[in-house]
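Notes follow once the structure below has been shown.
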Amino acid sequence: MPATSTKLRYPPAETTAPPPLFGVLVLAALVIAGVGLKSVSSIIGPFFLVLTLVITVYPVRTWLVRRKFPPVLATIVAMLSVYALLAVVLGSVVYALTRLVQTLTEYSTQFQTLYAQVLAQLAKFGVDQGAISGALSKVNLSSFAGVAQSALNGLTSGLSLLALMLALVFFLVFDSAGIEDRIALIRSERPHVADALVEFSHSVRLYWVVTTVFGLIVAIMDVVALAIIGVPLALTWGVLAFVTNYIPNVGFIIGLLPPMLIALLAKGPAAAIVVLVVYTVINVVVQTLIQPRFTGDAVGINGTVAFLSLIFWAYLLGALGALLAVPATLFVKSLLVDNSMTARWVGALLNSSTPTNAVKSRTGRGTSVEAGNDGKRPAKPTGRAPAR
């Protein structure tokens with residue numbers, strides 16, 4: 001079932017012309033907001049991650065309260081659940097990056113040997129070794145390890161931010177106890193905003209659950225396949241596949257390259273090709289064929305928007321923005337597009353599917369929103385009075 005409904009929520013209304021330079025003003029506001037977000041990205045990123053996790057585990061608290069558990073105990077259980085999720089997500093990232101740095105450094109000798117063999121083969125075909133050596137002189141495992149090491153340092157050096165996240169979990173979980181009353185108050189004053197917040201909570205909850213469950217399935221299958229092939233550190237690459245599953249579009253490639261490279265260095269080209277084929281088959285079968293049958297469209301945005309959101313949020317929020325690209329986009333979409341009467345047309349460009357009751361009356365094609373439930377267009381006026 002789609003997390004974000006694309007049906008028209010409100011009946012068509014008479015629209016008025018926007019004020020002069022309205023588009024320029026909106027663009028300027030977005031630029032200013034982006035600059036502000038980037039300046040405080042070290043705070044906004046962790047806060048938004050904690051917020052989405054609190055939203056995800058909130059049904060646990062309501063379920064316990066409905067079964068006569070004390071509200072305080074239910075809140076504590078929800079808080080511990082968020083701490084467990086943070087430990088799994090951040091711990092997996094640190095573990096994968098740590099093992100990746102160590103492994104790439106260990107295989108530097110094999111990489112240099114492979115590098116020399118490639119140059120020798122190219123020389124047999126008459127390729128100038130000097131040109132190739134100059135082009136590939138900067139490509140070595142140390143450079144890849146340096147990238148991974150810098151990412152790891154960025155995570156492990158933020159102990160103060162980790163303390164901030166733990167404190168945010170405590171306050172957000174306990175404040176969420178009265179969220180129903182707060183939403184009801186907002187609905188009485190701004191029903192569109194209340195609808196957007198509720199819709200975002202459902203969307204982001206479904207996204208985290210679906211991505212985690214099927215990411216775990218893919219990771220387990222990857223570990224088993226790598227163990228059968230004989231690739232070293234199969235568990236490490238499975239954890240890496242689980243973490244990169246949260247990164248849209250390019251996460252699969254990021255999770256594939258390290259095990260394929262290690263398979264090439266440890267087992268040879270045949271093993272690397274097998275890893276490539278196995279990873280591709282598992283990803284296509286599980287996430288393209290099986291997952292949609294159980295969850296439908298759990299994101300509600302098309303692939304192009306997901307890819308652009310990855311670039312945008314990674315630029316604003318850093319490495320954490322890559323993990324939060326889809327939730328952050330869902331938040332902006334729910335608040336500014338799906339529940340805005342003046343901007344809901346933008347959803348036609350963002351949504352992963354086109355609603356069957358899309359407005360086509362202006363072009364004279366399709367089913368008009370003014371038609372009845374049977375889909376027929378209203379009869380044209382004849383100019384004659386109806387017979388009595």
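The values are calculated or read from the model by the stated rules, or taken from the named source; none is laboratory data. Since we're looking at a predicted model, the values are computed, not measured. Virtual Cβ from ideal backbone geometry, glycine too; neighbours counted across all protein chains shown.
Laid out as a table, the results:
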read-out: Unique residue being more than 15 Å from the chain's Cα centre (by Cα), in a helix (DSSP H, G or I), under 28 Å from ALA194 (Cβ atoms) and touching a residue at least 12 places away in the same chain (Cβ under 8 Å) when the list is VAL326, VAL337; value: VAL337
read-out: Per-region count, region 211-229, residues at pLDDT below 90 and surrounded by fewer than 19 Cβ atoms within 10 Å (Cβ to Cβ); value: 3
read-out: Criterion: modelled with pLDDT of 85 or more and more than 23 Å from ALA96 (Cα to Cα) - qualifying residue of ALA314, ALA270, ALA325, ALA306; value: ALA270
read-out: Helices (runs of 4 or more DSSP H) fully within region 193-304 counting 2 or more residues that are in contact with a Gly (Cβ under 8 Å, 6 or more places away or on another chain) and in contact (Cβ under 8 Å) with a residue 60 or more places away in the chain; value: 234-244
read-out: Helices (runs of 4 or more DSSP H) contained in region 10-110 and holding at least 1 residues at pLDDT below 75 and surrounded by 15 or more Cβ atoms within 10 Å (Cβ to Cβ); value: 71-106
